[in-house]
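Where a number appears in this text, it was derived from the coordinates with a stated rule and is not lab data. Fair warning: this is a prediction, and the values are worked out from it, not measured in the lab. Here the Cβ positions follow ideal geometry from the backbone for every residue, glycine too, while neighbour counts run over all protein chains shown.
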Amino acid sequence: MNNIASAKEFYYSKDTAMEKKVIHNTSSFSKTFFLNLGVLLIYILAGKLGLSFASVNPSATAIWPPTGIALAAILLFGYRVVPAIFIGAFLVNLTTAGTIATSLGIAFGNTLEGVVGAYLINRFANGVHAFSNIFDVFKFILFGAILSTTVSADIGFLTLLLGKLTVLHDFFSVWTTWWLGDASGDILIAPFILMWGVSSKTHVYFRKTIHVILAFFILFLTTWFIFSGTLPYAYICIPIVVWIAFWFGRRGAATATLIISGIAVFYTVNGFGPFIVSHPINQSLLLLQIFLSILSITSMTFATLVHTVRKGEKTLATHEARFKALIENSFDGVVLVDAATKIFYASPSCKRIMDYKPEELNGMIGIELIVPQQRKKVLQELAKLVLKPGGHTTLEYQLLRKDQQIIWVEATGTNLLFEPDVNAVVVNFHEITDKKIAEEWLLQEKTRDEAMLKSIGDGIIATDNKGRITMINHVAYETLGWKRSELLGKHIVNAIPMVDETGRVLTIAERPMTKVLMHGKKTVTLQKNYYLKKDNTKLPIRITVTPIIIDRVTVGTIEVFQDITKEKEINQMKDEFISMASHELRTPMTAINGLLSMISHGDYGPINEKLKHPLDNIQSSSQRQIHLINDLLDVSRLQSGKIDIILSIFSLQQMLEEVLKTLMPIAQQKKLKLILKSKEEMSVYADNEWSKHIMSNLIGNALKFTDTGSVLISYTSKGNTVYISVTDTGSGINPPDQEKLFGKFQQLGGRKSGKPPGSGLGLYLSRELARKMDGDVVLKKSQINKGSTFILSLPKSVHKSINDKTN
C-alpha cells in the first residue's frame, strides 16, 4: 500500500510540475502576444500620422515618431517586440504606397534600425539608463539618433529606387528627409517613453502640482504665441524648457519638449510659425525638426546634469548625516582642536568619558586637561603631527576628569589642518584605565614569574602545539650553551637535538614532546637520553614533559629537564664497585658453600644432630648470597656490554621442558601443578641458555608467590614473534608496584609477604636480556589474590622446526 501511495504521490507531483510549467509557458506566451499587439497598434497609428506629412515621397516624411517608439520598446522590453515593429512598418507602408516587396524592404530597414540602435545603446550608453549620465546622453544621441537611423534611410531609399518609386535624382531630398525624420523621432519620442518607463515613482504634492500646472501653462501659452505667429521667435521657449528641466527633472524636460513639438508641428503644417519659408512644406518641417531636436538635446542634457548634481548632493548629504550620526553615537570621544589645542567641537561621548558636557569643552585648551607630568610629551608629539599634513599618531596619556578623577586614555590624532572643510586636528580617544591596571598587574606577575623561573634549578622549556619554543628559562639555555634569542620561536627538535646512548639522533616521532602532544598525558623519560649542546657534546638528562591543556585541547607542552651527569658518574662508579666486589666475593662464597656441602654429607665425620639445622640455614644463606652475586655480575656485564648473546634456532618446547624439569621439585614440594599447556612444535631464533635463564626466573617467581593452585605455561605465535605466557594463581601484584616492577632491586616479595627475599634484579635482567634478543618481557595482567600473567616474546624462527634447519 505504501508503495502504491508513493507511486501515486510521485505521478501526482510530476503531473503538477508539468501542469505548472505549461501554465507558466502559456502565461509567458500570452504576455508576449499582448505586448506585441500593443506595440503594433501604437506603431501603426504613429506611422500613419507620420506619413500623412510626407511630401517629397509618399514613403519619406520629416516627421516619423515610430522610430522613437521602436527604439524605446526594444530597450524596455527586449527583442521580443521585434515582430510587432516589423509587421507594423510593413502594414503602414503597404497601406500607404508601394508594393508588398517594397513594403517588406522598408519594414526590414525600419526594424533593423531599431535593433542596431538598441544594441549600440545597451553596449555603449547604459541602455535604458542612458539619461542618468551626461556622457551617456551624448552616446545615446550619437548611436541612437545619428548612426543607427542611417540604416533605415539607406535601405529605404534603395528599396524605393529598386521598386521604381523614386529616381536617383531625388536621392538628397528623399534620403535627408527620411534620415532627419527618423533621427528626430529618436531624439523627441524615445526619451519621453524611457523617462516615464524606467524612472522612479513620482510623489505628488499639492504645492508641486500647482507649480507643475503653472509651468506647463506658461510653456503652452508661450509656444502658442510663438508658432501662431504672434511672437515668431522660436528660441524664446528654450529658457522655459530649461526652467522646467531644472525644477521637474528629466521627465519634465521630455514632456515639455514633446508638448512644444506637437504645437509646433500643428501650426507649421497649417502655414504658421517662424519656420514657414517660401520653399515647400517639407523644407519647413525639416527646419522645425532641426530646431526641436536641438531643443530636446539641450533640455535633456541640462536635466541630466541637474539630476547628476542633485544625486551627488543627496549622496553627500546622506554621507554627512551618516558621518554625523556615527560621530555623535560613537562610543569613543571625538574632539576637534587647532594647532594650539583649543577645542571647538566635542562629541556627546565626551560627557561619559570626561564628565564634561560638549558645550563645556568648547573653547577650552585641550592640553590643560592632561595631567601636568605628561603635557610635555603630548605637546612634542602634537608638534610633530602638525608638520605632517594628513599624518596621524597614537598616544596613551592620563586625563583629569571634571570630578578630578585621573583616567588613562588612548588617543589617535589626525592632522586635517589643511583640509578646508575641517581645518583641525581630529582627536579620537577612549578610556583604557582598566587596560592599564591589567597591564600593570600582568607586568608584576611576569616579573614575579621570571624571578621564580630564574630561581628554579632545573631547565624549563615551553612549546606550542607545533613544537615551537615559546619560553625557556636561563638554566635551560645556559646549560645547553645557547642564547635565549637563538632558541625562541625555533622548533625544539631542530634547535635542540636529542640522541640515545649510541649517539643516534631521535626522530620527531620518538621525542617525548611528540608523544605528549599526541596523547595529552604526562611522560617521564628514562636516564638513557641525551641533549646535544651547542658544542655538540652530549648532556645526560632526565625529562618530565607535561601537556598544557586549555578547554580540553592540548595547546603546548612544558618540559622540565635535569642534568644527571653526576648521577651517571655515581652510577657508573657504583656499578664498577659492585662488579669488583662481586668478583672478589664469589670465590670465597663458592668455597664456603662447597665446604658446607662436604660437612653436610659427612665428609668430615658424623654431624651432631643439633648442628644439622644451623648448617642447613648457613648453606641456604650462602646459596642466596651466591645467587645475588651472580645476578650482580650479570647486571654489571650487561651494562658494560660484556654479555655474549649467541643466537641460534632451537625448539621452544624442548627448552621449556628442560626448565620445567629443574623446577618441578619445587612445585611438588609446594603441592602445585606445573603445567605446559602447549605441545605444538615451534622453533625460535634466540640465545638458548639465556632464554632458559629468563623462563627459570619467571616460572620461579610464579612458584614462589603461589601457595595453592597451579602455574600454567603456554605459547602461541603471531607474525614473526612467539609469545610465551606464565600464568599463576598466586598473590598478585599491587597496582602501585606494577609501575616499578622492572627496575633494579625491586623485589616482588620480602618481609611483608612472608616470602624469602630475592635480589630484586631478576625481572630487570630478564627484560634487558630479552630485549638484547629482539624480544621483551611484560606484565600482561595481575589481580590481588587471583594471580598474574607474564609474557616473554622472542623472534620466531623462519624455519618450521629444528629438523628443517638441519636438513
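If a spin label sat at a point 7 angstrom from the Cα of Leu161 along the line to its beta carbon, the backbone N atoms of segment 174-191 nearer than 15 Å would be those of 174-179.
Rounded to the nearest 0.05, the FRET efficiency derived from the C-beta distance between Thr318 and Ala101 at R0 = 45 Å is 0.15.
Out of Tyr267, Ala253, Thr308, whose Cα points farthest toward the positive end of the dipole of segment 245-323 (charges: +1 Lys, Arg; -1 Asp, Glu; placed on Cβ)? So the residue furthest toward the plus end is Thr308. Panel note: the C-alpha atoms of segment 411-545, placed on their principal axes, show extents of 78, 33, 30 Å (largest first).
Distance from the Cα centroid of segment 691-730 to that of segment 404-445 is 78 Å (rounded to whole angstrom).
A Förster radius of 51 Å, combined with the Cβ-Cβ distance separating Asn494 from Lys376, puts the computed FRET efficiency at roughly 0.55.
Taking all C-alpha pairs of segment 23-152, those more than 27 Å from each other amount to 22 percent.
Could you pull out the pairs from Lys314/Lys388; Lys466/Lys515; Lys704/Lys781; Lys661/Lys786 whose alpha carbons sit more than 22 Å apart here? Going by Cα-Cα distance, Lys314/Lys388; Lys661/Lys786 fall outside the 22 Å limit.
Peptides 350-356, 384-390, ordered by how many other C-beta atoms sit within 10 Å of their residues on average, highest first, read 350-356, 384-390.
Here the simple spin-label model places points 7 Å from the Cα toward Cβ, and for Leu231 and Leu168 these points are separated by 5.1 nm. Each label point was placed 7 Å from the Cα along the Cα-to-Cβ direction; for Ser330 and Lys515 their separation is 5.8 nm. Put a dot 7 Å past the Cα of Thr176, heading toward its Cβ, do the same for Gln783, and the two dots end up 12.0 nm apart. Stokes-Einstein diffusion for segment 356-477 at 10 °C, viscosity 1.306 mPa s, with a Kirkwood radius from C-alpha pairs, works out to 87 µm²/s. As an equivalent ellipsoid, segment 249-406 spans semi-axes of 69, 16, 10 angstrom, where each value is the square root of five times an eigenvalue of the C-alpha gyration tensor, largest first. From the Kirkwood radius over Cα pairs of segment 484-542, Stokes-Einstein at 4 °C and 1.567 mPa s returns a whole-number translational diffusion coefficient of 106 µm²/s.
Across segment 95-107, computed HN-Hα scalar couplings (Karplus, 6.51 cos²θ - 1.76 cosθ + 1.60, θ = phi - 60°) run 8, 10, 7, x, 9, 5, 5, 5, 5, 5, x, 5, 4 Hz from first to last residue, x flagging Gly and Pro. Computed on the Cα atoms alone, the convex hull of segment 129-227 gives a volume of 149 cubic angstrom per residue.
If you plug the beta carbon distance of Phe246 and Leu142 into 1/(1 + (r/R0)^6) with R0 = 22 Å, you get a FRET efficiency near 0.30. Over what distance in Å are the Cα centres of segment 239-280 and segment 108-128 separated? When both Cα centres are located, 26 Å separates them. Beyond 31 Å in Cα-Cα separation lie the following of the pairs Lys376/Lys436; Lys436/Lys533; Lys521/Lys568; Lys446/Lys528; Lys522/Lys772; Lys673/Lys780: Lys436/Lys533; Lys446/Lys528. For Tyr715, the residues whose amide H sits under 5 Å from its own are Ser678, Ser725, ignoring neighbours fewer than 5 places away on the same chain, with H placed 1.01 Å from N. Karplus-based coupling profile of segment 664-670, in residue order and whole Hz: 4, x, 5, 5, 5, 4, 8, with θ = phi - 60° in 6.51 cos²θ - 1.76 cosθ + 1.60 and x standing for Gly or Pro.
The slack between Asn465 and Thr546, meaning 0.36 nm per residue of separation minus the straight C-alpha distance, is 27.9 nm.
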